[in-house]
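Inspection log for the structure reproduced underneath, given as structure tokens.
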Amino acid sequence: MHEFDVTKETEELAVSKKQKFMTNLFIPVILGTTRQGRMSEPVAHFMVEQVTQWNGVETELIDIRQLHFPIDDAGQEIKDPQFSATCERADGLILVVPEYNHSFPGWLKHVLDTNLEEYIHKAVGICGVSASPFGGTRVIQSLLPVMRELGLITTFYDLNFGNVNKLFDESGKIAESEKEAYLRRFGRFMKELVWMSAVLRYGRLNLSVEEQEVKTATPNYHANKPCPEIAAKMGMETADAVLRVTCSQTGKVEAIPTN
Ligand SMILES: Cc1cc2nc3c(=O)[nH]c(=O)nc-3n(C[C@H](O)[C@H](O)[C@H](O)COP(=O)(O)O)c2cc1C
């Protein structure tokens, strides 16, 4: 089994990239409303609890109520160092967002607008929350162009927490009758988000937008497909140059000879 070829990098950079590549993914959960009595709060706790149990992923809750941004200014001028550092460290984000008049809470936008570089080429999964049965589908729609402008890449699988007032009890536990279905949907949501976060982490560490003439030589195969070009780069004989490239859920890429 060979580690992915990083011989073109300086040794030091290669080691630091490899270390980063081997670490768990970090995908924090942002609770996107400050409203008193918010039902999005048990949703966010549910997400943190489940993500914590996902192998190879670390998370933490970012409650935008705890972020005290000024109201007489906006954008990157008013960065909160800790919030920005958390977003910088993140490989992906989970947004838990209630639907307010078919859109997102204004304060969430105010908070998100304080970063830009920190988000670029990272994945985002969205959980819509609403009192209606639609589960925040309209807030998700209205968030999509914002995500794009922030440089975040949305997954194609969302989570919808509809009828949220009936979904969680007073202690914040999800209704037993709904739990299994939500865990199943959560699994699908996470598989997609983790894959996307791992792929984007690999891209950020290894592929430069500026040096495309060099990097276009890198084959863009999907995982588990033969990659003879990578074998050639690793100095293997063409005869035994059939490799399978795998990318684990934690983002570790390996090239495995198949003969
Ligand atoms: C200002 C405001 C606007 C709302 N607009 C909508 C809406 O457009 N569609 C909807 O399904 N629910 C709407 N709701 C109800 C929320 O879906 C409901 O409060 C739900 O519990 C999620 O929001 P929360 O986290 O603040 O509790 C609105 C609530 C507020 C406070």
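The residues of the range 85-102 that are exposed (fewer than 15 other Cβ atoms within 10 Å of the Cβ) and either within 16 Å of the ligand (Cβ to nearest atom) or at positive phi (or both), listed by number, are 101, 102.
Hey, residue 172 hits all of (1) farther than 18 Å from residue 41 by Cα; (2) modelled with pLDDT of 95 or more; (3) in a loop (DSSP other than H, G, I, E, B) but one; which does it fall short on? Just one mismatch for residue 172, condition (1). Entry remark, the range 135-156: residues being away from the ligand (no atom under 16 Å from the Cβ) and in a loop (DSSP other than H, G, I, E, B) number 4 in total. Within the set of pairs 6+ apart or on separate chains, which have a first residue in the range 87-100 that is under 18 Å from residue 159 (Cβ atoms), a second that is among the aromatic types (Phe, Trp, Tyr) and within 16 Å of the ligand (Cβ to nearest atom), and C-beta atoms under 7 Å apart? Within 7 Å, the pairs are 97/104. Screening the range 45-84 for residues that are among the β-branched types (Val, Ile, Thr) and within 28 Å of residue 186 (Cα to Cα) and picking the one that is surrounded by the fewest Cβ atoms within 10 Å (Cβ to Cβ) gives 52.
When 46, 21 are checked against the criterion of being modelled with pLDDT under 95 and in contact with a helix residue (DSSP H, G or I) (Cβ under 9 Å, 6 or more places away or on another chain), a single residue qualifies: 21.
Yes or no, residue by residue, for (1) in contact with a Pro (Cβ under 9 Å, 6 or more places away or on another chain); (2) among the aliphatic types (A, V, I, L, M); (3) surrounded by fewer than 14 Cβ atoms within 10 Å (Cβ to Cβ):
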residue: 136; (1), (2), (3): yes, no, no
residue: 149; (1), (2), (3): no, no, yes
residue: 153; (1), (2), (3): no, yes, no
residue: 176; (1), (2), (3): no, no, yes
residue: 181; (1), (2), (3): no, yes, yes
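In the range 24-35, of all residues being polar (S, T, N, Q) and in contact with a helix residue (DSSP H, G or I) (Cβ under 9 Å, 6 or more places away or on another chain), the one that is farthest from the ligand (Cβ to nearest atom) corresponds to 34. Out of the range 36-84, which residues are under 22 Å from residue 194 (Cα atoms), in a helix (DSSP H, G or I), free of Cβ contacts under 8 Å to residues at least 24 places away in the same chain and more than 16 Å from the ligand (Cβ to nearest atom)? 49, 52, listed by residue number.
Screening the range 104-125 for residues that are under 20 Å from residue 42 (Cα atoms) and within 14 Å of the ligand (Cβ to nearest atom) and picking the one that is surrounded by the most Cβ atoms within 10 Å (Cβ to Cβ) gives 104. When 156, 161, 189 are checked against the criterion of being at pLDDT below 95 and closer than 28 Å to residue 24 by Cα, 156 stands alone in meeting it.
The values are calculated or read from the model by the stated rules, or taken from the named source; none is laboratory data. This one's a predicted model, so the numbers in the text were calculated from it and none came from an experiment. Quick reminder, even Gly has a Cβ in these numbers, built from the backbone with ideal geometry, and neighbours come from all protein chains shown.
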